[in-house]
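J.: I'd like to ask you about the structure that follows.
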Amino acid sequence: MAKYTPAVDMGLDRLSEMARGNFDLAWMDSNPQGWGHESKPGPAGLGLVQIETGHYAKIPETGSSHGSMAPRGCFVPEDTPSLGIYDMNDKGEVWSDNAAKLYDEAVTRQWNSATDVPWHKLEKLPDEIEKAVCQMCTGLTEVEFVAGDMPAKWMCHINHDFHEIKLFLATQIMDEARHMDVFRKRALANGGGLLMASPSQEELLAAILQAPNYTTASALMHIFGEGFVLTLFRTGEFLAPTEVEKTIFRLCMQDEARHVAYGVKHLKYFLERYPERVEEIHSILDAGEQAIFALTLEPQTIEPRAILAGNGMENIQEGMMKLAFLYNKQVKEYLHRLKVAGIEREPRMRIPKELPIGELAA
Ligand SMILES: [Fe+2]
Ligand SMILES: [Fe+2]
């Protein structure tokens, strides 16, 4: 029986050649087109935006056919094995022109939930307010990490030539980990705890995770779901009784703005290439709108927010009016984002544009 496997024997043969002074050195001149590249840091440091220029900025419409993790722009030897997992090879399926810039922003704006939130400023709140904060945080903890699991589900399919997208999605996963943990921490930090989960929210999460392809999942999550959350964080200061919640909202808002920005630009890019596929987007939004409407009016979602918006049970009706304002804004911004991406959704929308709360109370 041979002492070593053929792979080890080949390594030993190479070693004996090198011992005799015979080196290969073919790698040194393997990539003349990619040699001589220089990059200088920009105002915010050396970002992807600065390095992906010239030869290295040539992003193929169809990702490399070798199917390996060989970095874009290097020389790939013919015997490089395919990994057999990258089946999203069409640039139109994933691309967004702002991904490199968003990645650069994400890596320099990371924050942490341990020390960037002024936890020492937590104070004892009236029972109903603490319960309302804790219920709101239960709902946000439940929903946040779908925006981690969804990119994770698709990332190992995306051709390695589109690394800007993969890097951006990796930052999103970290962002969402932080969001999930910061809301959980808030619920557990001030004498309260987690309260009730949300079956309606699970329906929306299922629609995102089970979407038939990446772009429909992205439209539903990045533009619709995260868009609603972005408007909530941006407008919802009245839902934050102390500086702690205000800080959390502000920090999460920065992150969500990047996620939504990617989604809008990706959908635009996709529809410019595949305008006939707009119906796929409409039909996933049909489902998403139903789910979000049910969820918005579910007691465990709307009641705690109304208590916080009214600053107490006695003003819960006033709080409802503020929430109606928030909902109207969420829908308006959602329609606007879709318009920027190239979709006229308003005539097709299957939920009310405004919450008719005043009329119903009359
Ligand atoms: Fe988030
Ligand atoms: Fe997000």
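J.: In Å³ and rounded to a whole number, note down the convex hull volume per residue for the Cα atoms of region 43-114.
T.: Working: hull volume 10.8 nm³, N = 72.
Spread over its residues, the Cα hull of region 43-114 gives 149 Å³ apiece.
J.: Now for a separate question. Tell me which trypsin sites (Lys or Arg not before Pro) from region 20-129 have a DSSP coil assignment and no more than 10 other beta carbons within 10 Å of their own. Don't skip to the answer; put the middle values down first.
T.: On the way: sites: 20, 58, 72, 91, 101, 109, 121, 124; in loops: 20, 58, 72, 109, 124.
For trypsin sites (Lys or Arg not before Pro) across region 20-129 that sit outside H, G, I, E and B with at most 10 neighbouring Cβ atoms in 10 Å, the list reads 20, 124.
J.: Over the chain, what is the relative contact order in percent, taking alpha-carbon pairs closer than 8 angstrom and at least six residues apart?
T.: The value is 18 percent.
J.: Using Cα positions and a limit of under 15 Å, work out the aspartates and glutamates in reach of residue 124, with same-chain residues fewer than 8 apart set aside.
T.: Straight-line reach from residue 124, under 15 Å: 243, 245.
J.: Also, I was wondering about something else. Which is the longest run of the chain containing none of the GluC sites (Glu not before Pro) found in DSSP loop states (not H, G, I, E, B) with at most 15 other C-beta atoms within 10 Å? Display every interim value, and only then the final one.
T.: On the way: sites that count: 38, 61, 78, 123, 344, 354.
Answer from the scan: 124-343.
J.: Taking only protein heavy atoms and a 1.4 Å probe, what accessible area per residue, in Å², does the chain have with all protein chains in place?
T.: Details: 18150 Å² over 362 residues.
Result: 50 Å² per residue.
J.: Related question: Could you pull out every one of the lysines with an alpha carbon less than 20 Å from that of residue 353, ignoring same-chain neighbours closer than 8 positions?
T.: 322, 329, 332, 339
J.: First obtain the Kirkwood hydrodynamic radius of the chain from its Cα pairs, then insert it into the Stokes-Einstein equation at 20 °C and 1.002 mPa s, and state the resulting D in µm² per second as a whole number.
T.: Details: Rh = 23.1 Å.
This corresponds to a translational diffusion coefficient of 93 µm²/s.
J.: Can I ask one more? Taking the convex hull of the alpha carbon atoms in region 9-77, what volume per residue do you get, in Å³? Display every interim value, and only then the final one.
T.: On the way: hull volume 10.3 nm³, N = 69.
Convex hull of Cα atoms, per residue: 149 Å³.
J.: Here's another thing I want to ask about it. Keeping the other protein chains in place, figure out the carbon and sulfur percent of the accessible area of region 148-282, with a 1.4 Å probe.
T.: On the way: 2770 of 4580 Å².
Summing carbon and sulfur atoms, their accessible area is 61 percent of the total for region 148-282.
J.: While we're here: Multiplying the sequence separation of residue 213 and residue 85 by 0.36 nm and subtracting their Cα-Cα distance, what value in nm do you get?
T.: On the way: separation 128, 0.36 × 128 = 46.08 nm, distance 1.57 nm.
Extending this stretch completely gives an extra 44.5 nm.
J.: Using +1 at the Cβ of each Lys and Arg and -1 at the Cβ of each Asp and Glu in the chain, identify which of 117, 283, 134 lies farthest towards the dipole's positive end.
T.: After comparing all options, I get 117.
The values are calculated or read from the model by the stated rules, or taken from the named source; none is laboratory data. Since we're looking at a predicted model, the values are computed, not measured. Using ideal geometry, Cβ is built from the backbone for each residue, glycine included, and neighbour counts are taken over all protein chains shown. Protein only, heavy atoms only, side chains kept; ligands, DNA and RNA dropped before computing areas. Shrake-Rupley method; radii C 1.70, N 1.55, O 1.52, S 1.80 Å.
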